[in-house]
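J.: Okay, handing you the structure first.
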């Protein structure tokens with residue numbers, strides 16, 4: 001069922017405005033009306049949060065607006081992921097992914113989009129949040145028997161933290177046990193290649209990358 005403008009527009013705007021209470025209400029109403037949770041994610045939430053990221057990069061939004069939008073998306077995601085699970089659209093667990101924004105970086109929007117999309121496609125996601133230390137990534141990977149470890153870094157100044165995290169996996173002899181991937185505004189394909197880790201420039205690509213890393217040919 002295509003989501004009509006009178007439903008999509010207010011939902012889109014509440015993500016832009018970072019209104020978590022309204023996001024909670026409108027998401028529940030959209031689901032109760034029978035709209036597809038995957039379509040809400042793909043056509044409304046991702047579009048809105050991509051715009052929030054653009055506004056932040058252009059200097060029109062600042063950190064408080066970024067965090068508020070992330071909170072609105074987080075509240076909505078809980079309802080959307082529950083609806084997807086209830087419908088059986090993603091009943092088969094494809095693998096376990098540990099995600100986190102690296103130490104020193106508090107930006108979560110991109111990571112949260114990736115987490116929501118991975119869950120929607122059948123992955124178990126262990127979201128460590130933001131400002132995650134290298135040792136916390138290692139501990140979570142071991143404790144949850146993860147397949148993929150995803151590092152997010154928006155600020156160029158936190159690139160070294162991503163590199164230190166990857167180096168810790170090397171130093172502990174764990175690099176071959178997990179697939180490491182990186183993403184975020186500060187990350188480039190060339191830099192990821194230098195570190196010999198996976199990379200995607202967007203959330204949809206991250207899902208396809210994770211599928212390949214767990215041995216599934218993306219459709």
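The values are calculated or read from the model by the stated rules, or taken from the named source; none is laboratory data. Bear in mind that the values here come from a model prediction, so they are computed numbers and not experimental data. With ideal geometry, Cβ positions are generated from the backbone for all residues, glycine too; neighbour counts draw on all protein chains shown.
J.: So which residues in the range 194-209 are in contact with a helix residue (DSSP H, G or I) (Cβ under 8 Å, 6 or more places away or on another chain) and over 14 Å from residue 120 (Cα atoms)? So that I can check it myself, show each step before the final result.
T.: From the range 194-209, those in contact with a helix residue (DSSP H, G or I) (Cβ under 8 Å, 6 or more places away or on another chain) are 195, 197-201, 203-204, 206-207; that's our starting set.
Scanning the range 194-209 gives 195, 197, 198, 199, 200, 201.
J.: Residue under question is residue 146, and the condition is that it be touching a residue at least 40 places away in the same chain (Cβ under 8 Å) and buried (at least 19 other Cβ atoms within 10 Å of the Cβ); does it hold? Can you show your working first?
T.: Values: touching a residue at least 40 places away in the same chain (Cβ under 8 Å): yes; buried (at least 19 other Cβ atoms within 10 Å of the Cβ): yes.
In short, yes.
J.: Same structure again: Answer yes or no as to whether residue 2 is outside any helix (DSSP H, G or I) and either assigned by TED's automatic domain parsing to the domain that holds residue 123 or out of contact with any strand residue (DSSP E or B) (no Cβ under 9 Å at 6 or more places or on another chain) (or both). Explain how you work it out, then say what you get.
T.: Values: outside any helix (DSSP H, G or I): yes; either assigned by TED's automatic domain parsing to the domain that holds residue 123 or out of contact with any strand residue (DSSP E or B) (no Cβ under 9 Å at 6 or more places or on another chain) (or both): yes.
Spelling it out, residue 2 is indeed outside any helix (DSSP H, G or I) and either assigned by TED's automatic domain parsing to the domain that holds residue 123 or out of contact with any strand residue (DSSP E or B) (no Cβ under 9 Å at 6 or more places or on another chain) (or both).
J.: In the range 198-219, what residues are touching a residue at least 40 places away in the same chain (Cβ under 8 Å), within 18 Å of the chain's Cα centre (by Cα) and part of a loop (DSSP other than H, G, I, E, B)?
T.: Within the range 198-219, 214 is the sole residue that qualifies.
J.: Here is a list of conditions, (1) touching a helix residue (DSSP H, G or I) at 6+ places or on another chain (Cβ under 8 Å); (2) part of a helix (DSSP H, G or I); (3) buried (at least 20 other Cβ atoms within 10 Å of the Cβ), and residue 107 meets all of them except one; can you say which number that is?
T.: Of the numbered conditions (1) touching a helix residue (DSSP H, G or I) at 6+ places or on another chain (Cβ under 8 Å); (2) part of a helix (DSSP H, G or I); (3) buried (at least 20 other Cβ atoms within 10 Å of the Cβ), the odd one out for residue 107 is (2).
J.: Which numbered condition trips up residue 155, out of (1) surrounded by fewer than 20 Cβ atoms within 10 Å (Cβ to Cβ); (2) modelled with pLDDT of 95 or more; (3) within 22 Å of residue 189 (Cβ to Cβ)?
T.: (2)
J.: Go through the range 110-139 and count every residue that is on the phi > 0 side of the Ramachandran plot and surrounded by 18 or more Cβ atoms within 10 Å (Cβ to Cβ). Write out each step before concluding.
T.: Pass one, the range 110-139, residues on the phi > 0 side of the Ramachandran plot: 122, 129, 131.
Then keep just the ones that are surrounded by 18 or more Cβ atoms within 10 Å (Cβ to Cβ); that gives 122.
Residues meeting the conditions: 1.
J.: Which one of these does residue 162 not meet: (1) assigned to a helix (DSSP H, G or I); (2) farther than 15 Å from residue 97 by Cα; (3) over 18 Å from the mean Cα position of the chain (by Cα)?
T.: With respect to (1) assigned to a helix (DSSP H, G or I); (2) farther than 15 Å from residue 97 by Cα; (3) over 18 Å from the mean Cα position of the chain (by Cα), residue 162 is out only on (3).
J.: Could you go through the range 83-101 and let me know if any residue there is part of a helix (DSSP H, G or I) and surrounded by 17 or more Cβ atoms within 10 Å (Cβ to Cβ). Even if it seems obvious, please write down each step before you answer.
T.: Taking the range 83-101 first, the residues part of a helix (DSSP H, G or I) are 83-87.
Subset that is surrounded by 17 or more Cβ atoms within 10 Å (Cβ to Cβ): 83-84.
Checked the range 83-101: at least one residue is part of a helix (DSSP H, G or I) and surrounded by 17 or more Cβ atoms within 10 Å (Cβ to Cβ).
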